[in-house]
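Just below is one structure, and these are the notes that go with it.
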Amino acid sequence: MMRFLVLLIIFSLPACEGILAQPTYAEKLGFPKGSKVLILHVDDVGMSWESNQGAIEATTKGVATSLSMMMPCPWIPGFFRYLKDHPDTDAGLHLTFNSEWNEYRWGPITGKLESPGLCDTEGALWPTVEELTKHAKADEIEAEIRAQVDRARAMGFEPTHMDSHMGAIFARTEYVARYVKVGIEFKIPLMMPGGHNTMISQQSTQVEIAQLREVGKMLWSAGLPVLDDIHNLSYNWQYPANLNDEDLRKFATGKYIETISKLKPGLTLVIMHCTAPTETFKNISASGTIRKGDLLAMTDPAFKAYLQKEKIVLTTWREIAKRRQAAK
């Protein structure tokens, strides 16, 4: 779940209008002017068997276009077996610095001895972002980023991008600096909203919009693509109780259509957590209904029909990286 916990600024309407008057990053990447271009992105792959199945179903039977993997988690080897048979999957790294569930946990790849500031008393990653920021040094964050990239490459896969589990990388400016440093060094695209950021600004008054835009300019200058905005709403939707699958699908699809209709033109990352929960998933997390709703929406013919009717362009991290290479 995305949380931007950077410095507080006041977002003003005149500033927003000025940004919207400029070419979007989508236009700079060669997409038609005025287009809504979406990456429909599944987080938390590798967290569990159910997370893997949901991501596979959302991207192969549904309209989701991309996913990202939690490299410290137990079901990463299982998903990498899938990737060996499906190498064109648009798969990046969901950089993981937190282990938020009570009884189902994981530690850093670098280990407690090398990165004690990343670990709680159980030897697992801290449950909350706030706890992480109180203990983790920027050097430990950078070492863990590199270790997570290294594990992916050692398993034979080059990530299409990097993003952040629970938004932890954005919790301190020192963490952001290391994230950007490694991304530029490895030439791996980063989740970084550097455009008009209209939806992000409406979600939180703690977003440092100006800082994000400056980092976006830096990444663009380094040859990496940049996002115009992020849609990260579904994890907080309040679902009615005891919905059957059909009603759950209708509710989730309706919410996606409603919120996407409010997006401004540009390149937007739409974050979701598609999961196919089994009976045991409730022992991992109480979020099964929300995650199943995401999956049902992405595989809903009505949602696909809406995207087509509105001429919404779907893309991937791999495609926008290629477009950035070709752009001036």
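No lab work stands behind these numbers, since they all come straight from the coordinates. What you are looking at is a predicted structure, and each value in this text was computed from that prediction instead of being measured. In this analysis, Cβ positions are derived from the backbone assuming ideal geometry, glycine residues included, and neighbour counts consider all displayed protein chains.
Details
- Annotation: lysines with alpha-carbon distance below 21 angstrom to LYS61 (same-chain offsets under eight excluded): LYS84, LYS250, LYS255, LYS292, LYS304, LYS309, LYS311.
- Shape category assigned to region 83-223 from the gyration tensor of Cα positions, a/c cut at 1.5: oblate
- Remark: the ASP150-GLU103 segment gains 14.2 nm on full extension, using 0.36 nm per residue and subtracting the alpha carbon distance.
- Choice from ASP247, ASP85, ASP120 showing the highest fluctuation, given a GNM over the chain with Cα pairs closer than 10 Å: ASP85
- Highest mean packing first, where packing is the average number of other Cβ atoms within 10 Å per residue, the peptides 167-174, 178-185 line up as 167-174, 178-185.
- Debye, to nearest 20: dipole size of region 24-326, +1 on Lys, Arg Cβ, -1 on Asp, Glu Cβ: 1040 debye
- When Rg and the Kirkwood radius Rh are both evaluated on Cα atoms of region 21-106, their ratio Rg/Rh stands at 1.09.
- Look at where the Cα atoms of region 231-268 and of region 100-139 average out, and the two centres are 32 Å apart.
- Within the chain, helix-based [θ] at 222 nm, where runs of 4 or more DSSP H residues each add -39,500 (n - 2.57), nearest 500: -12500 deg cm²/dmol
- Whether region 175-320 is rounded, prolate or oblate, judged on the alpha carbon gyration tensor where a/c under 1.5 counts as rounded: prolate
- Largest-first ellipsoid semi-axes for region 24-326, taking √(5λ) over the Cα gyration tensor eigenvalues, angstrom: 27, 25, 18
- Computed over the chain: relative contact order in percent, which uses C-alpha pairs under 8 Å that are six or more apart: 28 percent
- Taking 16 Å as the straight-line reach from the Cα of LYS112, the aspartates and glutamates in range (excluding those fewer than 8 positions away in the same chain) are ASP120, GLU122, GLU131, ASP139, GLU140, GLU142, GLU144.
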